[in-house]
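Structure first, commentary second.
The values are calculated or read from the model by the stated rules, or taken from the named source; none is laboratory data. No experiment lies behind these values; they were computed from the predicted model shown. Cβ sites come from the backbone with ideal geometry, for glycine too, and all protein chains shown count toward neighbours. Quick note on the areas: whole protein, heavy atoms, side chains included, nothing else; ligands and nucleic acids left out. Shrake-Rupley method; radii C 1.70, N 1.55, O 1.52, S 1.80 Å.
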Amino acid sequence: MAKIDDLSSFMDWVASRNPGEPEFHQAVREVAGTILPFIQENPVYAEARILERLTEPDRVVSFRVTWEDDAGKVHVNRGYRVQFSNAIGPYKGGIRFHPSVTQSVLKFLGFEQIFKNSLTGLPMGGGKGGADFDPKGRSDREIMRFCQSFMTELYRHVGPDIDVPAGDIGVGGREIGYMFGLYKRITNHFNGVLTGKGLEYGGSLMRPEATGYGAVYFLENMLHTRGQEIAGKSACISGSGNVATHAAEKILQRGGKVLTLSDSSGFIHDPAGLTEEKIAWVKRHKRKPGARLEAFTAEFKDAEFHRGKRPWIVPCDVALPCATQNELNGEEARTLVANGCIAVSEGANMPTTDEGVHCFLDARILFAPGKAANAGGVAMSGLEMSQNSARLHRTSEDLRQALKKIMSDIHDACVRHGGGKDGHVDYVKGANVAGFKKVADAMLAFGVV
Ligand code: NDP
(Lines give C-alpha, C1' and ligand atoms only; values in the text may rest on other atoms or scores of the structure.)
Protein backbone atom coordinates (compact mmCIF):
# COMPACT_ATOMS: atom_id res chain seq x y z
CA MET A 1 0.00 0.00 0.00
CA ALA A 2 1.20 3.50 -0.82
CA LYS A 3 3.11 5.59 1.69
CA ILE A 4 0.74 8.52 1.78
CA ASP A 5 3.28 11.18 2.79
CA ASP A 6 5.53 10.63 -0.20
CA LEU A 7 4.49 11.79 -3.68
CA SER A 8 6.96 9.61 -5.52
CA SER A 9 5.96 6.33 -3.85
CA PHE A 10 2.30 7.27 -4.10
CA MET A 11 2.73 7.85 -7.84
CA ASP A 12 4.64 4.55 -8.19
CA TRP A 13 1.63 2.85 -6.62
CA VAL A 14 -0.82 4.67 -8.95
CA ALA A 15 1.33 3.88 -12.02
CA SER A 16 1.64 0.19 -11.16
CA ARG A 17 -2.14 -0.13 -10.77
CA ASN A 18 -2.86 1.80 -13.98
CA PRO A 19 -0.17 0.84 -16.51
CA GLY A 20 -0.02 2.61 -19.85
CA GLU A 21 -2.20 5.53 -18.73
CA PRO A 22 0.12 8.59 -18.89
CA GLU A 23 -2.64 11.24 -18.98
CA PHE A 24 -4.26 9.73 -15.90
CA HIS A 25 -0.92 9.64 -14.05
CA GLN A 26 -0.33 13.31 -14.98
CA ALA A 27 -3.72 14.39 -13.62
CA VAL A 28 -3.28 12.42 -10.38
CA ARG A 29 0.27 13.76 -9.86
CA GLU A 30 -0.96 17.33 -10.20
CA VAL A 31 -3.66 16.79 -7.57
CA ALA A 32 -1.60 14.61 -5.20
CA GLY A 33 1.28 17.13 -5.23
CA THR A 34 -0.88 19.68 -3.43
CA ILE A 35 -3.23 17.35 -1.56
CA LEU A 36 -0.58 15.25 0.21
CA PRO A 37 0.67 18.18 2.37
CA PHE A 38 -2.97 18.99 3.20
CA ILE A 39 -3.57 15.37 4.21
CA GLN A 40 -0.48 15.42 6.43
CA GLU A 41 -2.01 18.36 8.28
CA ASN A 42 -5.36 16.49 8.50
CA PRO A 43 -4.52 12.83 9.26
CA VAL A 44 -8.19 11.80 9.37
CA TYR A 45 -8.10 11.70 5.53
CA ALA A 46 -4.94 9.55 5.52
CA GLU A 47 -6.40 7.05 8.00
CA ALA A 48 -9.50 6.60 5.81
CA ARG A 49 -7.28 6.29 2.67
CA ILE A 50 -9.39 8.94 0.93
CA LEU A 51 -6.86 9.84 -1.78
CA GLU A 52 -6.18 6.19 -2.65
CA ARG A 53 -9.93 5.55 -2.84
CA LEU A 54 -10.43 8.61 -5.05
CA THR A 55 -7.88 7.41 -7.60
CA GLU A 56 -9.88 4.22 -8.14
CA PRO A 57 -13.02 4.87 -10.27
CA ASP A 58 -16.31 3.47 -8.97
CA ARG A 59 -16.49 1.69 -12.33
CA VAL A 60 -15.31 1.89 -15.95
CA VAL A 61 -17.68 0.65 -18.63
CA SER A 62 -16.25 -0.06 -22.06
CA PHE A 63 -18.32 -1.24 -25.00
CA ARG A 64 -18.39 -1.86 -28.74
CA VAL A 65 -20.06 0.71 -30.98
CA THR A 66 -20.89 -0.70 -34.40
CA TRP A 67 -22.30 1.56 -37.11
CA GLU A 68 -22.70 1.80 -40.87
CA ASP A 69 -21.41 4.68 -43.03
CA ASP A 70 -23.27 6.19 -46.00
CA ALA A 71 -21.63 3.73 -48.38
CA GLY A 72 -22.88 0.76 -46.34
CA LYS A 73 -19.43 -0.01 -44.87
CA VAL A 74 -19.46 -1.32 -41.29
CA HIS A 75 -17.24 0.36 -38.66
CA VAL A 76 -16.35 -0.67 -35.12
CA ASN A 77 -15.40 1.87 -32.44
CA ARG A 78 -14.91 1.64 -28.70
CA GLY A 79 -17.18 3.57 -26.32
CA TYR A 80 -16.61 4.25 -22.62
CA ARG A 81 -18.19 5.69 -19.54
CA VAL A 82 -15.94 6.26 -16.56
CA GLN A 83 -18.02 6.70 -13.39
CA PHE A 84 -15.43 8.06 -11.00
CA SER A 85 -17.13 9.27 -7.85
CA ASN A 86 -20.74 9.93 -6.84
CA ALA A 87 -19.85 11.01 -3.31
CA ILE A 88 -21.60 14.39 -3.60
CA GLY A 89 -24.12 13.81 -6.40
CA PRO A 90 -24.87 11.81 -9.57
CA TYR A 91 -21.87 11.24 -11.87
CA LYS A 92 -21.55 14.22 -14.18
CA GLY A 93 -19.18 14.95 -17.05
CA GLY A 94 -19.05 15.23 -20.81
CA ILE A 95 -18.82 12.81 -23.71
CA ARG A 96 -15.90 13.22 -26.11
CA PHE A 97 -15.79 11.88 -29.68
CA HIS A 98 -12.21 12.11 -30.94
CA PRO A 99 -9.71 9.57 -32.34
CA SER A 100 -7.37 10.31 -29.41
CA VAL A 101 -9.89 9.00 -26.85
CA THR A 102 -8.50 6.18 -24.68
CA GLN A 103 -9.31 4.87 -21.23
CA SER A 104 -6.37 6.92 -19.91
CA VAL A 105 -7.71 10.19 -21.38
CA LEU A 106 -11.20 9.57 -20.00
CA LYS A 107 -9.87 8.59 -16.57
CA PHE A 108 -7.83 11.81 -16.40
CA LEU A 109 -10.90 13.82 -17.40
CA GLY A 110 -13.21 11.95 -14.99
CA PHE A 111 -10.73 12.38 -12.12
CA GLU A 112 -10.43 16.13 -12.77
CA GLN A 113 -14.19 16.36 -12.97
CA ILE A 114 -14.60 15.18 -9.34
CA PHE A 115 -12.80 18.26 -8.00
CA LYS A 116 -14.18 20.67 -10.58
CA ASN A 117 -17.78 19.68 -9.86
CA SER A 118 -17.16 19.96 -6.15
CA LEU A 119 -15.78 23.49 -6.64
CA THR A 120 -19.02 24.66 -8.30
CA GLY A 121 -20.84 24.17 -4.98
CA LEU A 122 -23.51 22.12 -6.78
CA PRO A 123 -24.36 18.48 -5.96
CA MET A 124 -22.56 16.69 -8.80
CA GLY A 125 -20.16 13.73 -8.77
CA GLY A 126 -17.43 13.13 -11.36
CA GLY A 127 -17.53 11.08 -14.57
CA LYS A 128 -16.55 11.23 -18.23
CA GLY A 129 -17.24 9.25 -21.38
CA GLY A 130 -16.66 9.09 -25.07
CA ALA A 131 -15.46 7.08 -28.03
CA ASP A 132 -12.44 6.89 -30.33
CA PHE A 133 -14.75 7.93 -33.19
CA ASP A 134 -13.56 10.69 -35.55
CA PRO A 135 -16.54 12.85 -36.52
CA LYS A 136 -14.43 14.94 -38.96
CA GLY A 137 -15.80 14.81 -42.48
CA ARG A 138 -18.71 12.55 -41.49
CA SER A 139 -22.18 13.32 -42.87
CA ASP A 140 -25.06 14.28 -40.63
CA ARG A 141 -26.65 10.83 -41.09
CA GLU A 142 -23.41 9.08 -40.18
CA ILE A 143 -23.16 11.18 -37.01
CA MET A 144 -26.77 10.29 -36.20
CA ARG A 145 -26.19 6.57 -36.67
CA PHE A 146 -23.05 6.67 -34.54
CA CYS A 147 -24.79 8.57 -31.70
CA GLN A 148 -27.72 6.14 -31.78
CA SER A 149 -25.48 3.10 -31.66
CA PHE A 150 -23.47 4.66 -28.79
CA MET A 151 -26.67 5.30 -26.80
CA THR A 152 -28.06 1.79 -27.29
CA GLU A 153 -25.44 0.71 -24.74
CA LEU A 154 -24.94 3.90 -22.71
CA TYR A 155 -28.64 4.14 -21.73
CA ARG A 156 -28.19 1.19 -19.32
CA HIS A 157 -25.67 3.14 -17.24
CA VAL A 158 -27.12 6.68 -17.09
CA GLY A 159 -30.18 8.40 -15.62
CA PRO A 160 -31.09 11.76 -14.05
CA ASP A 161 -30.22 10.47 -10.55
CA ILE A 162 -27.41 8.14 -11.66
CA ASP A 163 -25.16 9.71 -14.27
CA VAL A 164 -25.84 12.79 -16.40
CA PRO A 165 -23.47 13.16 -19.40
CA ALA A 166 -23.02 16.36 -21.45
CA GLY A 167 -21.01 17.45 -24.53
CA ASP A 168 -17.25 17.84 -24.91
CA ILE A 169 -14.86 17.79 -27.90
CA GLY A 170 -16.79 16.53 -30.94
CA VAL A 171 -20.10 16.45 -29.08
CA GLY A 172 -22.32 19.55 -29.31
CA GLY A 173 -26.04 20.26 -29.47
CA ARG A 174 -26.62 18.10 -32.55
CA GLU A 175 -25.05 14.97 -31.03
CA ILE A 176 -26.82 15.53 -27.68
CA GLY A 177 -30.12 15.76 -29.64
CA TYR A 178 -29.51 12.42 -31.40
CA MET A 179 -28.50 10.71 -28.15
CA PHE A 180 -31.45 12.14 -26.21
CA GLY A 181 -33.88 11.11 -28.97
CA LEU A 182 -32.66 7.50 -28.85
CA TYR A 183 -32.64 7.41 -25.02
CA LYS A 184 -36.23 8.67 -24.92
CA ARG A 185 -37.32 6.13 -27.51
CA ILE A 186 -35.86 3.07 -25.79
CA THR A 187 -36.64 4.02 -22.18
CA ASN A 188 -39.87 5.99 -22.72
CA HIS A 189 -38.57 8.51 -20.14
CA PHE A 190 -38.45 12.23 -20.81
CA ASN A 191 -36.05 13.49 -18.15
CA GLY A 192 -32.81 15.36 -17.56
CA VAL A 193 -30.50 12.45 -18.42
CA LEU A 194 -28.26 14.67 -20.57
CA THR A 195 -27.34 18.34 -20.40
CA GLY A 196 -26.52 20.66 -23.28
CA LYS A 197 -29.94 19.87 -24.71
CA GLY A 198 -31.77 22.09 -27.21
CA LEU A 199 -33.98 24.81 -25.74
CA GLU A 200 -37.10 23.15 -27.19
CA TYR A 201 -36.62 20.00 -25.13
CA GLY A 202 -35.30 20.99 -21.72
CA GLY A 203 -32.01 22.74 -22.46
CA SER A 204 -30.81 25.78 -20.58
CA LEU A 205 -30.07 29.24 -21.90
CA MET A 206 -26.40 30.19 -21.50
CA ARG A 207 -25.13 26.57 -21.59
CA PRO A 208 -23.15 26.98 -24.85
CA GLU A 209 -21.58 30.23 -23.63
CA ALA A 210 -20.92 29.17 -20.04
CA THR A 211 -17.47 27.55 -20.24
CA GLY A 212 -15.79 30.26 -22.33
CA TYR A 213 -17.51 33.15 -20.54
CA GLY A 214 -16.75 31.52 -17.18
CA ALA A 215 -13.03 31.24 -18.00
CA VAL A 216 -12.97 34.97 -18.75
CA TYR A 217 -14.90 35.83 -15.56
CA PHE A 218 -12.29 33.82 -13.65
CA LEU A 219 -9.48 35.67 -15.43
CA GLU A 220 -11.15 38.97 -14.53
CA ASN A 221 -11.36 37.95 -10.86
CA MET A 222 -7.64 37.08 -10.87
CA LEU A 223 -6.68 40.37 -12.53
CA HIS A 224 -8.70 42.29 -9.94
CA THR A 225 -6.46 40.88 -7.18
CA ARG A 226 -3.67 42.92 -8.82
CA GLY A 227 -5.83 45.96 -9.51
CA GLN A 228 -6.01 45.21 -13.25
CA GLU A 229 -8.77 44.88 -15.87
CA ILE A 230 -9.17 42.98 -19.15
CA ALA A 231 -9.83 46.23 -21.02
CA GLY A 232 -6.82 47.16 -23.12
CA LYS A 233 -5.12 43.78 -22.74
CA SER A 234 -4.16 41.49 -25.63
CA ALA A 235 -5.10 37.81 -25.49
CA CYS A 236 -3.84 34.66 -27.20
CA ILE A 237 -6.53 31.98 -27.35
CA SER A 238 -6.12 28.47 -28.73
CA GLY A 239 -8.91 26.33 -30.19
CA SER A 240 -11.81 27.47 -32.35
CA GLY A 241 -14.62 25.38 -30.89
CA ASN A 242 -17.27 26.08 -28.32
CA VAL A 243 -14.98 27.16 -25.47
CA ALA A 244 -12.49 29.18 -27.54
CA THR A 245 -15.04 31.20 -29.53
CA HIS A 246 -17.09 32.11 -26.46
CA ALA A 247 -13.96 33.06 -24.51
CA ALA A 248 -12.97 35.29 -27.46
CA GLU A 249 -16.44 36.86 -27.50
CA LYS A 250 -16.28 37.72 -23.79
CA ILE A 251 -12.72 39.12 -23.98
CA LEU A 252 -13.95 41.39 -26.74
CA GLN A 253 -17.01 42.46 -24.72
CA ARG A 254 -14.67 43.38 -21.85
CA GLY A 255 -12.59 45.65 -24.10
CA GLY A 256 -9.68 43.25 -24.66
CA LYS A 257 -8.03 42.39 -27.98
CA VAL A 258 -8.03 38.77 -29.23
CA LEU A 259 -4.97 38.07 -31.37
CA THR A 260 -5.22 34.33 -32.11
CA LEU A 261 -7.41 31.25 -32.48
CA SER A 262 -6.27 27.79 -33.55
CA ASP A 263 -7.32 24.31 -34.63
CA SER A 264 -5.52 21.03 -35.18
CA SER A 265 -4.01 22.35 -38.44
CA GLY A 266 -2.41 25.57 -37.09
CA PHE A 267 -3.27 29.02 -35.79
CA ILE A 268 -4.44 32.38 -37.11
CA HIS A 269 -2.78 35.58 -35.97
CA ASP A 270 -4.85 38.70 -36.49
CA PRO A 271 -2.76 41.69 -35.31
CA ALA A 272 -5.74 44.05 -35.67
CA GLY A 273 -7.72 41.84 -33.28
CA LEU A 274 -10.77 39.68 -33.89
CA THR A 275 -14.11 41.44 -34.21
CA GLU A 276 -17.59 40.05 -33.48
CA GLU A 277 -18.01 39.53 -37.22
CA LYS A 278 -14.78 37.50 -37.46
CA ILE A 279 -15.68 35.33 -34.45
CA ALA A 280 -19.14 34.68 -35.93
CA TRP A 281 -17.45 33.66 -39.20
CA VAL A 282 -15.21 31.17 -37.34
CA LYS A 283 -18.23 29.67 -35.54
CA ARG A 284 -20.11 29.22 -38.85
CA HIS A 285 -17.09 27.93 -40.73
CA LYS A 286 -15.98 25.37 -38.11
CA ARG A 287 -19.46 23.82 -38.11
CA LYS A 288 -18.86 22.57 -41.67
CA PRO A 289 -17.56 18.96 -41.84
CA GLY A 290 -13.74 18.92 -41.94
CA ALA A 291 -13.43 22.75 -42.13
CA ARG A 292 -9.99 24.20 -41.34
CA LEU A 293 -9.13 27.59 -39.92
CA GLU A 294 -6.75 28.36 -42.78
CA ALA A 295 -9.70 29.64 -44.86
CA PHE A 296 -9.89 32.61 -42.45
CA THR A 297 -7.01 34.37 -44.19
CA ALA A 298 -8.79 34.26 -47.56
CA GLU A 299 -11.75 36.03 -45.94
CA PHE A 300 -9.84 38.49 -43.72
CA LYS A 301 -6.68 39.58 -45.50
CA ASP A 302 -4.79 41.15 -42.57
CA ALA A 303 -4.56 37.87 -40.70
CA GLU A 304 -1.79 35.29 -41.10
CA PHE A 305 -2.09 31.51 -40.84
CA HIS A 306 0.75 29.52 -39.23
CA ARG A 307 0.43 25.91 -40.37
CA GLY A 308 1.23 23.22 -37.78
CA LYS A 309 2.11 25.82 -35.11
CA ARG A 310 0.54 26.85 -31.80
CA PRO A 311 -0.26 30.44 -30.81
CA TRP A 312 2.00 30.78 -27.75
CA ILE A 313 4.82 32.44 -29.70
CA VAL A 314 2.70 35.59 -30.19
CA PRO A 315 3.40 38.18 -27.44
CA CYS A 316 0.29 38.83 -25.32
CA ASP A 317 -0.83 40.04 -21.88
CA VAL A 318 -3.09 37.06 -21.13
CA ALA A 319 -3.42 33.55 -22.54
CA LEU A 320 -6.39 31.19 -22.66
CA PRO A 321 -5.63 27.64 -23.87
CA CYS A 322 -9.06 26.37 -24.96
CA ALA A 323 -8.39 23.43 -27.34
CA THR A 324 -7.21 20.21 -25.72
CA GLN A 325 -4.87 18.54 -23.19
CA ASN A 326 -1.08 19.12 -23.27
CA GLU A 327 -1.22 21.86 -25.91
CA LEU A 328 1.09 24.26 -24.04
CA ASN A 329 4.48 22.85 -23.03
CA GLY A 330 7.36 24.07 -20.87
CA GLU A 331 9.15 25.88 -23.66
CA GLU A 332 5.95 27.62 -24.77
CA ALA A 333 5.20 28.61 -21.16
CA ARG A 334 8.70 30.15 -20.88
CA THR A 335 8.11 32.05 -24.13
CA LEU A 336 4.79 33.42 -22.87
CA VAL A 337 6.37 34.59 -19.60
CA ALA A 338 9.39 36.09 -21.38
CA ASN A 339 7.02 38.00 -23.68
CA GLY A 340 5.26 39.59 -20.70
CA CYS A 341 2.18 37.40 -20.24
CA ILE A 342 0.78 38.07 -16.75
CA ALA A 343 -2.17 35.65 -16.55
CA VAL A 344 -3.25 32.28 -17.92
CA SER A 345 -6.81 30.95 -17.60
CA GLU A 346 -7.27 27.35 -18.78
CA GLY A 347 -10.52 26.96 -20.76
CA ALA A 348 -9.54 23.42 -21.80
CA ASN A 349 -8.87 20.49 -19.45
CA MET A 350 -5.16 20.08 -18.54
CA PRO A 351 -3.94 22.05 -21.59
CA THR A 352 -0.64 22.91 -19.88
CA THR A 353 1.97 20.18 -19.36
CA ASP A 354 3.51 19.56 -15.92
CA GLU A 355 6.61 21.51 -16.95
CA GLY A 356 4.49 24.39 -18.26
CA VAL A 357 2.51 24.60 -15.01
CA HIS A 358 5.71 24.73 -12.96
CA CYS A 359 7.08 27.47 -15.18
CA PHE A 360 3.95 29.60 -14.54
CA LEU A 361 4.03 28.85 -10.79
CA ASP A 362 7.75 29.67 -10.53
CA ALA A 363 7.23 32.92 -12.45
CA ARG A 364 4.39 33.74 -10.00
CA ILE A 365 2.07 34.88 -12.74
CA LEU A 366 -1.69 34.46 -12.28
CA PHE A 367 -2.37 30.86 -13.32
CA ALA A 368 -5.86 29.32 -13.18
CA PRO A 369 -6.02 25.53 -13.70
CA GLY A 370 -8.88 24.20 -15.83
CA LYS A 371 -10.70 22.61 -12.96
CA ALA A 372 -11.36 26.10 -11.58
CA ALA A 373 -11.34 28.28 -14.70
CA ASN A 374 -13.55 26.12 -16.94
CA ALA A 375 -15.99 24.99 -14.24
CA GLY A 376 -18.62 27.41 -15.60
CA GLY A 377 -19.73 24.83 -18.19
CA VAL A 378 -20.53 22.09 -15.73
CA ALA A 379 -21.99 24.64 -13.32
CA MET A 380 -24.48 25.67 -16.00
CA SER A 381 -25.16 21.98 -16.64
CA GLY A 382 -25.94 21.68 -12.93
CA LEU A 383 -28.40 24.54 -13.29
CA GLU A 384 -29.90 22.79 -16.35
CA MET A 385 -30.41 19.68 -14.17
CA SER A 386 -32.20 21.67 -11.49
CA GLN A 387 -34.39 23.42 -14.11
CA ASN A 388 -35.32 19.99 -15.52
CA SER A 389 -36.19 18.62 -12.07
CA ALA A 390 -38.29 21.66 -11.25
CA ARG A 391 -39.72 21.78 -14.80
CA LEU A 392 -39.00 25.46 -15.26
CA HIS A 393 -36.87 27.80 -17.38
CA ARG A 394 -34.63 30.53 -16.01
CA THR A 395 -33.90 33.66 -18.07
CA SER A 396 -30.55 34.45 -19.71
CA GLU A 397 -29.88 37.39 -17.44
CA ASP A 398 -30.67 35.38 -14.32
CA LEU A 399 -28.32 32.59 -15.47
CA ARG A 400 -25.56 35.02 -16.48
CA GLN A 401 -25.61 36.49 -12.98
CA ALA A 402 -25.64 32.98 -11.47
CA LEU A 403 -22.59 32.04 -13.59
CA LYS A 404 -20.69 35.17 -12.55
CA LYS A 405 -21.46 34.48 -8.90
CA ILE A 406 -20.35 30.82 -9.15
CA MET A 407 -17.06 31.79 -10.84
CA SER A 408 -16.43 34.45 -8.24
CA ASP A 409 -17.20 31.97 -5.42
CA ILE A 410 -14.75 29.46 -6.96
CA HIS A 411 -12.15 32.21 -7.16
CA ASP A 412 -12.71 33.07 -3.48
CA ALA A 413 -12.39 29.39 -2.51
CA CYS A 414 -9.05 29.21 -4.38
CA VAL A 415 -7.82 32.33 -2.59
CA ARG A 416 -8.93 30.91 0.77
CA HIS A 417 -7.10 27.61 0.31
CA GLY A 418 -4.24 28.74 -1.95
CA GLY A 419 -3.34 32.21 -0.65
CA GLY A 420 0.15 32.63 0.87
CA LYS A 421 1.27 34.98 3.65
CA ASP A 422 2.82 37.30 1.05
CA GLY A 423 -0.56 37.66 -0.69
CA HIS A 424 0.39 35.48 -3.67
CA VAL A 425 -2.31 32.95 -4.62
CA ASP A 426 -1.41 29.43 -5.77
CA TYR A 427 -4.64 28.68 -7.67
CA VAL A 428 -3.57 25.07 -8.36
CA LYS A 429 -3.28 24.33 -4.66
CA GLY A 430 -6.40 26.36 -3.84
CA ALA A 431 -8.58 24.56 -6.41
CA ASN A 432 -7.33 21.11 -5.44
CA VAL A 433 -7.71 21.56 -1.69
CA ALA A 434 -11.12 23.25 -1.90
CA GLY A 435 -12.44 20.64 -4.35
CA PHE A 436 -10.98 17.72 -2.37
CA LYS A 437 -12.22 18.73 1.07
CA LYS A 438 -15.94 18.62 0.30
CA VAL A 439 -15.72 15.23 -1.45
CA ALA A 440 -13.44 13.81 1.25
CA ASP A 441 -15.75 14.92 4.06
CA ALA A 442 -18.72 13.28 2.32
CA MET A 443 -16.71 10.05 1.98
CA LEU A 444 -15.83 10.13 5.69
CA ALA A 445 -19.53 10.43 6.48
CA PHE A 446 -20.30 7.28 4.45
CA GLY A 447 -17.84 5.09 6.36
CA VAL A 448 -15.78 2.44 4.62
CA VAL A 449 -17.65 1.74 1.38
P1 NDP B 1 -14.88 21.63 -29.60
O2 NDP B 1 -14.97 20.29 -30.21
O3 NDP B 1 -16.00 22.59 -29.77
O4 NDP B 1 -13.53 22.36 -30.09
C5 NDP B 1 -12.28 21.79 -29.89
C6 NDP B 1 -11.23 22.69 -30.50
O7 NDP B 1 -9.95 22.22 -30.13
C8 NDP B 1 -11.25 22.71 -32.03
O9 NDP B 1 -10.80 23.94 -32.47
C10 NDP B 1 -10.25 21.59 -32.37
O11 NDP B 1 -9.66 21.72 -33.67
C12 NDP B 1 -9.21 21.82 -31.30
N13 NDP B 1 -8.52 20.55 -31.03
C14 NDP B 1 -9.07 19.39 -30.59
N15 NDP B 1 -8.11 18.45 -30.48
C16 NDP B 1 -6.96 19.04 -30.84
C17 NDP B 1 -5.62 18.59 -30.91
N18 NDP B 1 -5.28 17.35 -30.60
N19 NDP B 1 -4.68 19.49 -31.33
C20 NDP B 1 -5.00 20.76 -31.64
N21 NDP B 1 -6.27 21.24 -31.58
C22 NDP B 1 -7.22 20.39 -31.19
O23 NDP B 1 -14.59 21.36 -28.05
P24 NDP B 1 -14.83 22.33 -26.81
O25 NDP B 1 -14.56 23.73 -27.20
O26 NDP B 1 -16.12 21.98 -26.20
O27 NDP B 1 -13.70 21.81 -25.77
C28 NDP B 1 -12.38 22.34 -25.77
C29 NDP B 1 -11.70 21.99 -24.45
O30 NDP B 1 -12.48 22.53 -23.35
C31 NDP B 1 -11.55 20.50 -24.14
O32 NDP B 1 -10.38 20.31 -23.39
C33 NDP B 1 -12.76 20.22 -23.26
O34 NDP B 1 -12.58 19.07 -22.44
C35 NDP B 1 -12.79 21.49 -22.43
N36 NDP B 1 -14.06 21.79 -21.79
C37 NDP B 1 -15.20 21.94 -22.53
C38 NDP B 1 -16.39 22.25 -21.90
C39 NDP B 1 -17.63 22.56 -22.68
O40 NDP B 1 -18.58 23.05 -22.07
N41 NDP B 1 -17.67 22.36 -23.99
C42 NDP B 1 -16.48 22.32 -20.43
C43 NDP B 1 -15.21 22.25 -19.77
C44 NDP B 1 -14.06 21.95 -20.42
P45 NDP B 1 -10.21 20.82 -34.89
O46 NDP B 1 -11.53 21.42 -35.25
O47 NDP B 1 -9.17 20.96 -35.95
O48 NDP B 1 -10.31 19.42 -34.36
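Among the listed residues Ala373, Ala379, Ala442, Ala363, which satisfies the condition of being within 19 Å of Gln26 (Cα to Cα) and either outside the structural domain of Phe111 (by TED's automatic domain parsing) or of a type outside the set (Lys, Arg) (or both)?
Answer to the check: Ala373.
For the structure I just gave you, tell me whether Gly382 is within 13 Å of Val243 (Cβ to Cβ), touching a residue at least 40 places away in the same chain (Cβ under 8 Å) and either part of a helix (DSSP H, G or I) or within 14 Å of the ligand (Cβ to nearest atom) (or both).
No.
Identify, please: which residue in the stretch 393-449 is in a loop (DSSP other than H, G, I, E, B) and of a type in the set (Asp, Glu) and is, among those, surrounded by the fewest Cβ atoms within 10 Å (Cβ to Cβ)?
Going through the qualifying residues, I end up with Asp422.
Test each condition in (1) more than 13 Å from Thr120 (Cβ to Cβ); (2) outside any loop (DSSP other than H, G, I, E, B); (3) within 16 Å of the ligand (Cβ to nearest atom); (4) touching a strand residue (DSSP E or B) at 6+ places or on another chain (Cβ under 7 Å) for Gly347 and report the one that comes out false.
Against the list (1) more than 13 Å from Thr120 (Cβ to Cβ); (2) outside any loop (DSSP other than H, G, I, E, B); (3) within 16 Å of the ligand (Cβ to nearest atom); (4) touching a strand residue (DSSP E or B) at 6+ places or on another chain (Cβ under 7 Å), Gly347 comes up short only on (2).
Do we find a residue being in contact with a Cys (Cβ under 9 Å, 6 or more places away or on another chain) and crowded, with 21+ Cβ neighbours inside 10 Å anywhere in the stretch 191-209?
No: the stretch 191-209 contains no residue that is in contact with a Cys (Cβ under 9 Å, 6 or more places away or on another chain) and crowded, with 21+ Cβ neighbours inside 10 Å.
Being aliphatic (A, V, I, L, M) and within 16 Å of the ligand (Cβ to nearest atom) is the filter; apply it to the stretch 260-272 and report the residue that is surrounded by the fewest Cβ atoms within 10 Å (Cβ to Cβ).
By that ranking, first place goes to Ile268.
Output the strands (runs of 3 or more DSSP E) that fall wholly within the stretch 43-153 and possess 3 or more residues being at pLDDT 95 or above and open to solvent by 50 Å² or more (accessible area, probe 1.4 Å), or say none.
The qualifying strands (runs of 3 or more DSSP E) are 59-68, 74-85.
What about Pro311, is it surrounded by 22 or more Cβ atoms within 10 Å (Cβ to Cβ) and either aliphatic (A, V, I, L, M) or closer than 25 Å to His25 by Cα (or both)?
Considered against the rule, which asks whether it is surrounded by 22 or more Cβ atoms within 10 Å (Cβ to Cβ) and either aliphatic (A, V, I, L, M) or closer than 25 Å to His25 by Cα (or both), Pro311 comes out as no.
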